[in-house]
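Let me give you the structure first, and then I'll get to my questions.
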Amino acid sequence: MTTSFESLLSADHGPVRVLTLNRPQALNALDVTLVRELTEAVRIAGADAAEGRLRALILTGAGKAFVAGADIAAMHEMSEDEAREFSRQGHTLGERLAALPIPVIAAVNGFALGGGCELALACDFIYASEAAKFGQPEVKLGVIPGFGGTQRLLRRVGLARALELCMSGEIINAAEALRIGLANKVLPADQLLPAAIKTCETIAQMGPQAVAVAKSVLHRGSELPLAAANSLEIDAFARLFSTADQREGMAAFLGKRPAAFTGRPDHGQP
Ligand code: CO8
C-alpha cells in the first residue's frame, strides 16, 4: 500500500513501512498539519499491524533534515492555550507511537532539533546518519521542549546529560549521540535507510506477538519500580505460552527448521 499526504510520504517495502516527512523547504518543521498527518499515519499503521499486513515502521526526513523542530513561524504568535493544545497533540502522537505493536525506528538523516529530536525519541530507537545533528535548542527561543523532550531525553540519556542539553541548547553530532546512548547506530548516509529496513526485516521474521509484548513490557516496565516491572515480565512471559507462535517457535527449533509464525492469539489447546 502507498498512501500520500500533504507533507508526508508513505511507502511500503514488503512488511516495512517508511514514512518520510516531506516539507524540505522548512527542513520538515512540524506544523499542525504535519503532526495531524503523522498521527493519522500512525493510526493507519496500527490498523495494518493488527491485520498482520505491517510488521515495522520507519520515520525519516526528506532533504537535509529529519525534522528541524516545531514550526517556529507557526508557533510565534501562539497563545498559552494554543501552545498547550499543540504540545498535547505532539504528546498524543508520541503515546500512539509507543502503543503500536510493532517496532518504530527513527532513521535520522540530518537535523533532529527540538521537536525533531523529540519525535526521534518517541520512536523505539534511533539509527543516525553520519550527517545527523541532535539538540534541544528551545531555550534559545525562550521556551523548553514540549513534545516529551525533557522526559524522554532524561530517560534515554540520564538526568545530567538531559539537563545539559536542555539548558544549553547545545547541538551534538551523530558520534556524540551514539556515545551518550541517544542513537543506537551511526551509518554512512547512503546506508541509513537500508540498515533500518534490514533491522525491520529481521524483526519481521520473529513471532509478532512476542515482538509486540517485548515492546510493551520494556516501555511500561521502564516507568515502574523493578519489582513491579519484573511482575509484568513474569505475566507477559507466561501469557505467551498460550499462543500458537510459542508452540511453533519452539517446535521449529527442536525440528531444526525455520519457524512459520502466524500471530494467532492461542494454540487451540486447553
Ligand atoms: N521552523 C520553521 N522554519 C524552519 C525551522 C523551524 N523549526 N527550521 C528551519 N526552518 C526554515 C528556515 O526558516 C528556512 O526557511 P527560508 O528558506 O524560508 O528562510 C529553511 O527552513 C532553511 O533553514 P536555514 O536557512 O536556517 O538552514 P541552515 O542550514 O542555515 O540552518 C538549522 C539549519 C541550524 C537547522 C536552522 O534552520 C535552525 O536553527 N532551525 C531552527 C531549529 C530550532 O530552533 N528548532 C527548535 C524549534 S522549537 C521546538 O521544536 C519546540 C517543540 C515543541 C512542541 C512540539 C509539539 C509537536
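Where is the GNM fluctuation largest for the chain (alpha-carbon springs, 10 angstrom cutoff): F134, F66, F86?
F86
Now a separate question. Mind checking which lysines have their C-alpha under 26 Å from K133, skipping anything on the same chain fewer than 8 residues away?
Qualifying lysines at Cα under 26 Å: K64, K185, K198.
Separate question: When Lys and Arg each count +1 and Asp and Glu each count -1, what net charge do the other residues less than 14 Å away from V143, Cβ to Cβ, add up to?
Result for the neighbourhood of V143: -4.
In terms of modelled amide H atoms, which long-range or inter-chain residues lie less than 5 Å from the amide H of L8?
N22
Based on other C-beta atoms within 10 Å, arrange R161, R23 from fewest to most.
Taking fewest neighbouring Cβ atoms as first place, the list is R161, R23.
For the chain, modelled as a Gaussian network with Cα springs under 10 Å, which listed residue fluctuates most, N109, N173, N184?
N184
Taking neighbour Cβ counts within 10 Å as the exposure measure, how do K133, K256 sort from fewest upward?
K256, K133
Related question: Can you give me the relative contact order of the chain as a percent, contacts being Cα pairs under 8 Å and 6 or more apart?
Relative contact order comes out at 15 percent.
If I model a spin label as a point 7 Å beyond the Cα along the Cα-Cβ vector, how far apart are those points for A160 and A175 in nm?
Spacing of the two 7 Å Cα→Cβ label points: 2.2 nm.
Return the whole-Å distance between the Cα centroid of the stretch 16-45 and the Cα centroid of the stretch 193-231.
23 Å
Ignoring everything except DSSP H segments at least 4 long, calculate the 222 nm mean residue ellipticity for the chain; use -39,500 (n - 2.57) per segment, divide by total residues, nearest 500.
-15000 deg cm²/dmol
Okay, next question. First check a/c for the stretch 121-251, with a ≥ b ≥ c the square roots of the eigenvalues of its C-alpha gyration tensor; if it is under 1.5, answer rounded, and if not, answer prolate when a/b is larger than b/c or oblate otherwise. Don't skip to the answer; put the middle values down first.
Values: a/c = 3.33, a/b = 1.56, b/c = 2.13.
Here the stretch 121-251 falls in the oblate category.
Starting with the fewest neighbours, write out T60, T150 ranked by other beta-carbon atoms found within 10 Å of each beta-carbon. Please list the in-between numbers first.
On the way: T60 24, T150 17.
Ordered by Cβ neighbours within 10 Å, fewest first: T150, T60.
To test your reading of the geometry: what angle, between 0 and 90 degrees and rounded to tens, separates the Cα axis of helix 226-239 from the longest principal axis of the chain?
40 degrees
Here is a follow-up. With no solvent and one equal point scatterer placed on each C-alpha of the stretch 186-265, evaluate the Debye formula and give log10 I(q)/I(0) for q = 0.14, 0.21, 0.23, 0.25 Å⁻¹, two decimals.
-0.63, -0.96, -1.01, -1.07
Let me ask something else. Hey, got the dipole for the chain? About the Cα centre, +1 on K and R Cβ, -1 on D and E Cβ, debye to the nearest 20?
About 900 debye.
A further question follows. If you wrap a convex hull around the C-alpha atoms of the chain and split its volume per residue, what is the figure in Å³?
Values: hull volume 38.7 nm³, N = 270.
Value for the chain: 143 Å³ per residue.
Pairing the Cα long axis of helix 208-221 with the longest principal axis of the chain, what angle in degrees results, from 0 to 90 and rounded to the nearest 10?
With both axes taken from Cα atoms, the answer is about 50 degrees.
Report the full-extension gain for the segment L240 to E223: residue separation times 0.36 nm, less the Cα-Cα distance, to one decimal in nm. Before the final figure, lay out each step's value.
Values: separation 17, 0.36 × 17 = 6.12 nm, distance 2.21 nm.
Between L240 and E223, full extension yields 3.9 nm more.
Every read-out reported here was derived from the displayed coordinates using simple, explicitly stated rules and does not represent laboratory data. Treat the numbers as computed from the prediction; the structure is a model and nothing was measured. Heads up, the Cβs are rebuilt from the backbone with ideal geometry, glycines too, and the neighbour counts pull from every protein chain shown.
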